[in-house]
Amino acid sequence: MTDLKTILITGANRGIGLELVKESISKNFSVIGTYRNKHKSQELLKIKSNNLKLFEMDVVNEKSISNVSNNIKYPLDYLICNAGINNGYGTFFDEDHTHEKMLEVLNVNVLGCILTIRYFSKNLNTNAKIILISSIMGIQKHNGSNATIYRASKAAVNNVMVSISEEFKSKKITVSSFHPGWVRTDMGGPNATLSTKESASSLIRNFESLTFENTGKFFNYDGSSMNF
Ligand code: NAP
């Protein structure tokens, strides 16, 4: 057994996921990062730390998730479902919103969380915390005419989070979702208000202070409560 807290982060090769990896290492966590394409993961693969283990994993490929869950040595204290896509910033009628792209967004953002949590449930430590990275764009009040399917997917992520929190209540495992802020990543774009460091350092602090009383709830990256 390791005395270090173990955290698994999906979509760890870039953006918020990569910074969550760096922050977790600096906090002396034992870190498991997953990435799906080694050619797009050079910065992650170059990180030198005895506390970092990396696995190839696609959150919508059950075989790859199962393979990682069977190869993890230590129980997970934190399971962070971060991987996500936004294939369609356009308005409702834009050609960008093809059926195929819409299915992909729902598949990765919603089913990816469900599959990840289902396969790693056997790896969870007592009092583990499961975090789904959601978005303010999933909130009804914050709705707008762009990125229809992305908004729907993040509303679904929050809904799934509440259902799953019920499933894990008897085991005293906390399940919550977080909006990471508007962050300068490939997805957030260059005009976003937060750096990945600002978002990830605040997120990790708030993951640590999360208690079982917070299960089934949605939070902003700074720890404040968010409505659905
Ligand atoms: P990003 O820079 O575009 O990174 C997305 C990550 O998800 C990449 O590591 C990507 O891997 C991974 N990913 C996508 N599909 C995957 C799959 N099928 N299996 C495994 N990994 C997959 O985005 P980000 O800004 O860091 O976003 C991270 C999370 O925060 C997402 O859930 C996003 O919706 C959420 N979020 C972001 C913002 C923002 O302002 N940036 C705001 C609200 C919510 P590849 O490199 O292989 O594609």
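A Förster distance of 22 Å, applied to the separation of the beta-carbon atoms of residue 141 and residue 162, puts the FRET efficiency at 0.80. Taking amide H as placed 1.01 Å from N in the peptide plane, the amide H of residue 226 sits under 5 Å from that of 218, 219, 220, each at least 5 places away or on another chain.
Here the stretch 118-228 exposes an accessible surface that is 50 percent carbon and sulfur, computed with a 1.4 Å probe and the other protein chains kept in place.
Rolling a 1.4 angstrom probe over the stretch 2-74 with all protein chains present gives an accessible area of which 42% lies on carbon and sulfur atoms. Just 172, 48, 27 to compare: in a GNM of the chain, with alpha carbon springs under 10 Å, which one fluctuates most? Highest fluctuation among the options: 48. Distance between the modelled labels on residue 96 and residue 222, one decimal in nanometres: 2.8 nm (7 Å Cα→Cβ projection). The C-alpha atoms of the chain define a longest principal axis, and helix 196-209 lies at about 60 degrees to it. What whole number of Å gives the distance from the Cα centroid of the stretch 14-67 to the Cα centroid of the stretch 170-200? Cα centres, the stretch 170-200 to the stretch 14-67: 16 Å.
In the context of the full protein assembly, residue 103 retains an accessible surface of approximately 100 Å², using a probe radius of 1.4 Å and ignoring ligands and nucleic acids. Among 226, 161, 187, the sequence by solvent-accessible area, most first, with a 1.4 Å probe is 187, 226, 161. Listed by chain and number, the lysines whose alpha-carbon sits under 20 Å from that of residue 129, ignoring those within fewer than 8 places in the same chain, are 5, 22, 27, 53, 73, 154, 169, 171, 172, 217.
Taking one quarter of the surface of the convex hull spanned by the alpha-carbon atoms of the stretch 61-145 gives a direction-averaged projected area of 6.7 nm².
Reachable aspartates and glutamates from residue 197, Cα under 17 Å, same-chain residues fewer than 8 places away excluded? Candidates past the 8-residue exclusion: 19, 23, 43, 186, 208, 222. Placing R0 at 35 angstrom, the Cβ-Cβ distance between residue 192 and residue 118 gives a FRET efficiency of 0.65 after rounding to 0.05. Calculated mean residue ellipticity, 222 nm, the chain: -10000 deg cm²/dmol, from DSSP H runs (n ≥ 4) at -39500 (n - 2.57) each, averaged per residue and rounded to 500. For the chain, the solvent-accessible area with a 1.4 angstrom probe is 50 square angstrom per residue.
The values are calculated or read from the model by the stated rules, or taken from the named source; none is laboratory data. Here the structure is a predicted model, which is why all the values come from computation and not from measurement. All Cβ positions, even for glycine, are placed from backbone atoms using ideal geometry, and neighbour counts span all protein chains on display. With ligands, DNA and RNA removed, areas are computed over all heavy atoms of the protein, side chains included. Shrake-Rupley method; radii C 1.70, N 1.55, O 1.52, S 1.80 Å.
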